[in-house]
1. Have a look at 220, 365, 338 and report the one farthest towards the positive end of the charge dipole of the chain, computed about the Cα centre with Cβ charges (Lys/Arg +1, Asp/Glu -1).
2. Springs between alpha-carbon atoms under 10 Å, Gaussian network over the chain: tell me which of 78, 120, 236 tops the mean-square fluctuations.
3. With the Cα gyration tensor of region 313-376 giving a ≥ b ≥ c as the square roots of its eigenvalues, does the rule (a/c under 1.5 for rounded; else a/b larger than b/c for prolate; else oblate) give rounded, prolate or oblate?
4. Name the residue from 261, 248, 230 whose Cα lies farthest towards the positive end of the charge dipole of the chain, charges +1 on Cβ of Lys and Arg and -1 on Cβ of Asp and Glu.
5. If you look for lysine pairs in region 1-117 that are eight or more places apart or on different chains, how many of them have Cα atoms under 22 Å apart?
6. Determine the shape class of the chain: with a ≥ b ≥ c the square roots of the Cα gyration tensor eigenvalues, call it rounded for a/c under 1.5, and otherwise prolate if a/b is greater than b/c, oblate otherwise.
7. Show which aspartates and glutamates lie in cross-link reach of residue 189 when reach means a straight Cα distance below 15 angstrom and same-chain residues fewer than eight apart are skipped.
8. Can you pull out the trypsin sites (Lys or Arg not before Pro) in region 139-176 that DSSP calls coil and that have at most 14 other Cβ atoms within 10 Å?
Amino acid sequence: MKRFVQLHLLTAYPPANLNRDDLGRPKTALVGGAERLRISSQSLKRAWRTSCMFETFKEAGMGKRTKRIGEEYIYPELSKVLPNDDAIQWTRDILEAYGELDKAGKDDPDRRRDIYLKQLVFIAPIEEELLKEFVACLARGLQGNVGKEISEIIELRNARDKAKGKDKKQKHSRLIELLKETLLVQTPKAVDIALFGRMLASSPKFNIEAACQVAHAITVHRVAVEDDYYTAVDDLNRGEEDAGAAHIGETEFGAGVFYLYICLDRQLLLDNLGGDVALAERAIEALVKSAATVAPTGKQNSFGSRARASYILCEKGNAQPRGLSVAFLKPIEPGRDGLLANAINALEQERERLDKAYGDGDPDAVIMNTPAGKGTLRDVIDYAKKGLSDG
């Protein structure tokens, strides 16, 4: 099986503000000494995994990224059988299996933040079910109906509460480790977690290395972020006293042809999905489709900046992957043929040069080039999936 799939996409977006910085401006990057528009990989991946392309995986498994495990799954059940403070403390103990806890402030008298994680955690459906079953079992155990599967945790927690100093810390660490082993899974088989990975800083044993690497998309040419000054009219203003606008605003935008690079480790994807070839093939198809057709949702109502890739190059192989952004280190100029045609030409020429120099290119690579009427998205998807079961 050829391990790596590399996708190179060129997509032309009209005036848009798809991905904003902290000031509300389109994100940018300085590349080759020229300012470019940029769409972050985080923004792209979020748009893809929440798109209709991944809807079909709900029954197979899609993860949830959240801080609200305590509020949603733990505290509501335990508060039915325990006083509030006890329910909160049990919730916090369980939450430590997932990561660092948030702390309630002085202006938070009901201690709601006490049952929040400090950072987002990515949990798979199987882990969600394990947590629900565990909490239900714990609630029964705390009422006296202690099953064998929960008694060790209750006994260890009681022993920790009675201990002091170093012994208390040791018992607490043992409790948290036991909770991790009970609630977390090393290969959870959630498609989005398998593709994009997860990191649990306090539980590296349960980290999932991302099978898919996504670069920040950048424009192949220099850009200037522009300002849109706009006004809104009050429909009930008859203009008898004031004929001016009821609202004045300003927003910033940019337009351009973006280059996006994606590298997928198919063997790692299979490993992350427990060797399920059929599920891995579906994941690859969803990834390619969403990358080609799904845009981030930023300011879509204001700009309607929907776009599909005009060019896709799909390569496979076992050689060390490489992007082709160097083709655009020198900003592309419109010239006689226009930005898109010149960008395609620059990308293909750079690919030929690298393949000649290193001798490890893919002679069977598939190209979808809509301006030239060459290839289809289906061709790209089929090639990306082909041979997956050969490993």
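Nothing in this text is a laboratory measurement; each read-out follows from the coordinates by a stated rule. Just so it is clear, the model here is predicted, and its values are computed rather than measured. Please note: Cβ atoms are built from the backbone with ideal geometry, for glycine as well, and neighbour counts cover all protein chains shown.
1. 365
2. Comparing 78, 120, 236 in a Gaussian network model of the chain, the most mobile one is 236.
3. oblate
4. The listed residue farthest towards the positive side: 261.
5. Eligible lysine pairs with Cα atoms under 22 Å apart amount to 8.
6. The shape class here is oblate.
7. 59, 127, 128, 129, 209, 271, 276, 281
8. For trypsin sites (Lys or Arg not before Pro) across region 139-176 that sit outside H, G, I, E and B with at most 14 neighbouring Cβ atoms in 10 Å, the list reads 164.
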